[in-house]
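Undergrad: Here it is: the structure, laid out below.
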Amino acid sequence: MDKDTEFLTVAEAEMQSLEAWLELASEDVDCIRSGNVLTIELENGEQVVVNIQTPMREIWCASRFGGHHFSLQQGVWKDSRSGLTLEEVVRDALMRLDAEL
């Protein structure tokens, strides 16, 4: 398996895990998937967008609070600046946008 295929397999598993967690955690969010992009939309119209960036081998997350770049570190997707996990950043953004998680 080449590096891009390996990365996409691991990143896709993370995206599916994130989507499943969100669907179980709250009825106040809708997950809309289009290719490598997951849009998380709240009832109030606010959004968090998570997408796979194959050339960079990262997962990116953006909300009105800013953007984060995550790389796989010892089996965990961590933000390059804060060290927070992808789930922690998504949870924080959604809570700040008024979702009940």
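Undergrad: List pairs: first in region 81-93 and touching a residue at least 24 places away in the same chain (Cβ under 8 Å), second of a type in the set (Val, Ile, Thr) and outside any helix (DSSP H, G or I), Cβ under 8 Å, 6+ apart or cross-chain?
TA: LEU86/VAL50; LEU86/ILE59; VAL90/ILE40; VAL90/VAL48; VAL90/VAL50; ALA93/VAL48
Undergrad: Give region 5-36 a look and list any residue that's open to solvent by 50 Å² or more (accessible area, probe 1.4 Å) and assigned to a strand (DSSP E or B), or say none.
TA: Within region 5-36, ASP30, ILE32, ARG33, SER34 qualify.
Undergrad: Which residue pairs have Cβ atoms under 6 Å apart, sit 6 or more places apart or on different chains, and have a first residue in region 35-62 that is aromatic (Phe, Trp, Tyr) and a second that is part of a strand (DSSP E or B)?
TA: From region 35-62, the pairs are TRP60/ASN51; TRP60/GLN53; TRP60/HIS69.
Undergrad: Then there's this: If the requirement is being open to solvent by less than 30 Å² (accessible area, probe 1.4 Å), hydrophobic (A, V, I, L, M, F, W, C) and either on the phi > 0 side of the Ramachandran plot or modelled with pLDDT under 95 (or both), which of these qualifies: LEU86, LEU94?
TA: Of LEU86, LEU94, the one residue that is open to solvent by less than 30 Å² (accessible area, probe 1.4 Å), hydrophobic (A, V, I, L, M, F, W, C) and either on the phi > 0 side of the Ramachandran plot or modelled with pLDDT under 95 (or both) is LEU94.
Undergrad: Please go through region 47-72 and give me each residue that is open to solvent by 70 Å² or more (accessible area, probe 1.4 Å) and under 16 Å from ASP28 (Cβ atoms), ordered by number.
TA: Scanning region 47-72 gives a single hit, GLN47.
Undergrad: Next up: What's the total number of residues in region 1-19 that are modelled with pLDDT under 95 and either touching an Asp or Glu at 6+ places or on another chain (Cβ under 9 Å) or closer than 19 Å to VAL89 by Cβ (or both)?
TA: The number of residues fulfilling the criteria is 0.
Undergrad: Moving on to the next point. Mind checking whether some residue in region 73-83 is polar (S, T, N, Q), buried (at least 18 other Cβ atoms within 10 Å of the Cβ) and touching a helix residue (DSSP H, G or I) at 6+ places or on another chain (Cβ under 9 Å)?
TA: So far as region 73-83 goes, no, none of its residues is polar (S, T, N, Q), buried (at least 18 other Cβ atoms within 10 Å of the Cβ) and touching a helix residue (DSSP H, G or I) at 6+ places or on another chain (Cβ under 9 Å).
The values are calculated or read from the model by the stated rules, or taken from the named source; none is laboratory data. The structure displayed is predicted, hence computed values, not measured ones. When we count neighbours, we look across all protein chains shown, and the Cβ atoms used for this are built from the backbone with ideal geometry, even at glycine. Calculation scope for accessible area: heavy atoms of the full protein, side chains included, ligands and nucleic acids excluded. Shrake-Rupley method; radii C 1.70, N 1.55, O 1.52, S 1.80 Å.
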